[in-house]
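Here, each number is a calculation from the coordinates, and none is a lab measurement. Values in this document were obtained by computation on a predicted structure and should not be read as measured data. Note that we place each Cβ from the backbone using ideal geometry, even for glycine, and neighbour counts take in every protein chain shown.
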């Protein structure tokens, strides 16, 4: 019985150690985020390039955001959340801008993505682990970084659906 108890304790300890190790390894480093975010920026710019100028205001339903609104929203939200919850400095550009041309929209996307990347890159490991209140909830700044990435993916996916709805082949997905 004593050996069974020792074996059970040892097994549970080992499983706990594996669980902690998996959790630690699952955390994205700043360098990994920066590479993924750069890829996300390039993919978003490719999505913008695919939509013809005359369809930038396309929306599948009157209650939906237009294609341009999806792109502007995902971009300004990344920068705005970075400024407010990730200690971002003054971005030096208008987060509320409403670019009206494809060239202006691409410049805005680039500015917002670069600002978010710089804001995340300026955080220390300790700052990433700090809890902050965000949108009625509490999470670490690391979770806020994941939120920005998820939010971007969500709205870019909607924009891709708009491209497809108009019979246009969207850009190929960029995994890394």
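A few points about this structure:
- Modelled label positions at residue 104 and residue 64, each set 7 Å beyond Cα in the direction of Cβ, lie 2.4 nm from each other.
- Packing-based ranking of 49-58, 154-163 yields 154-163, 49-58, ordered from highest to lowest mean Cβ neighbour count within 10 Å.
- Based on Cα contacts under 8 Å between residues 6+ apart, segment 28-165 shows a relative contact order of 32 percent.
- The label point for residue 122 and the one for residue 168, both projected 7 Å from the Cα toward the Cβ, are 3.5 nm apart.
- Length gained when the stretch residue 32-residue 153 is fully extended (0.36 nm per residue, less Cα-Cα span): 41.9 nm
- In nm, spacing of pseudo-spin labels at residue 55 and residue 132 (7 Å Cα→C-beta vector): 3.7 nm
- Cα centroid separation - segment 24-73 against segment 90-164, whole Å: 10 Å
- In this calculation the C-beta distance from residue 143 to residue 114 is compared with R0 = 22 Å, giving a FRET efficiency of 0.50.
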